[in-house]
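Read the structure below first, then the notes.
The values are calculated or read from the model by the stated rules, or taken from the named source; none is laboratory data. The structure presented is a predicted model; accordingly, all values stated were derived computationally and were not measured. All Cβ positions, glycine included, derive from the backbone under ideal geometry; neighbour counts span all protein chains shown. Areas reflect the complete protein model, heavy atoms only, side chains present, ligands, DNA and RNA absent. Shrake-Rupley method; radii C 1.70, N 1.55, O 1.52, S 1.80 Å.
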Amino acid sequence: MAKRPFFPADAEVPEGSADASRTLIEQTYAALRADIVEGRLAPGEKLRVEHLRKDYQVSAGTLREAITRLASDALVTTEGQRGFRVTPITLEELEDLTRLRVQIEIEALRQSIRHGGAAWRTALRQSYEALSAVEQPIQAAQRRQWEVLNMRFHEALLHGHPSPWTHRILRMLSRHSERYRRYAMGLPGQVRDVHAEHTAIFERAMDGHEARAALALEAHIRTTPDLLAQALRSGRLSLPGPPASLETAGGPPDPLSASTSIVASPGT
């Protein structure tokens, strides 16, 4: 992993100040979070502080503080005295994320359509147009840009619902969902028109068709777990599982076993 210098040489940050310490922790946290979401720190990977502090060019204390914050985001799990590990990705977690997103995001969309005014409609149109410019189709080189614009579009959809806690929770769920989208978007032979899905949501929301917009958004949210489940059944993804499961379950293991981590097969 490339080293990550955080402060430019001419940055005027008082050495040893509380502000400098907080800033460095924030930047380390953001860099680690991006590396986890993007898969550069793999699901299940052990986070070895002594190795990572060299990669991120920070002290062990700063790194531990940043990792502790990631644990509160559920992107890192603690192992008692054994340290930290990147949270695995599993179908069980994805299904749980999907249920929560559907419950919270659909209600927030309904409230936005009911109460969003002209400013909401203008911001939604702008976010939709920006997203449309990079997803017809989505190019591999623009995937990170697409993720940012995709998040902004979904946030704009719900911005007419003034609930800060709703937006905080959905932002965290979105980061976790992004880890799974990386696998779904890399599946060979998939036929999915993401732009058409976004267009259907956008047009129905703008027209004030609350029920239709909600249905379109729910279908959109559920597509990623559906694609991953189909890929497991067809063998395009593999789920490593202990051979003992054959004996303990009394038969062949369920390929959609919720407690088994997702691993992409070669070429996906």
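Values for this structure:
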| item | result |
| --- | --- |
| Contour excess over end-to-end distance, with Cα ends at Glu107 and Ser234 and 0.36 nm allotted per residue | 42.3 nm |
| Linear extension gain, Arg22 paired with Glu38, 0.36 nm per residue minus alpha-carbon span | 3.3 nm |
| Local net charge near Tyr180, Cβ-Cβ under 15 Å (Lys/Arg +1, Asp/Glu -1) | +2 |
| Loop GluC sites (Glu not before Pro), the stretch 71-120, which have at most 16 other Cβ atoms in a 10 Å radius of their Cβ (DSSP) | Glu79 |
| Net charge contributed by nearby residues that have their C-beta within less than 15 Å of Thr122 (K/R +1, D/E -1) | +1 |
| Stretch gain in nm, segment Val191-Thr223, where the contour uses 0.36 nm per residue and the Cα spacing is subtracted | 10.4 nm |
| Inter-site label distance for Ile138 and Gln126 at 7 Å from Cα along Cβ, in nm | 2.4 nm |
| Solvent exposure, largest accessible area first (probe 1.4 Å, DNA, RNA and ligands not counted), of Thr223, Thr28 | Thr223, Thr28 |
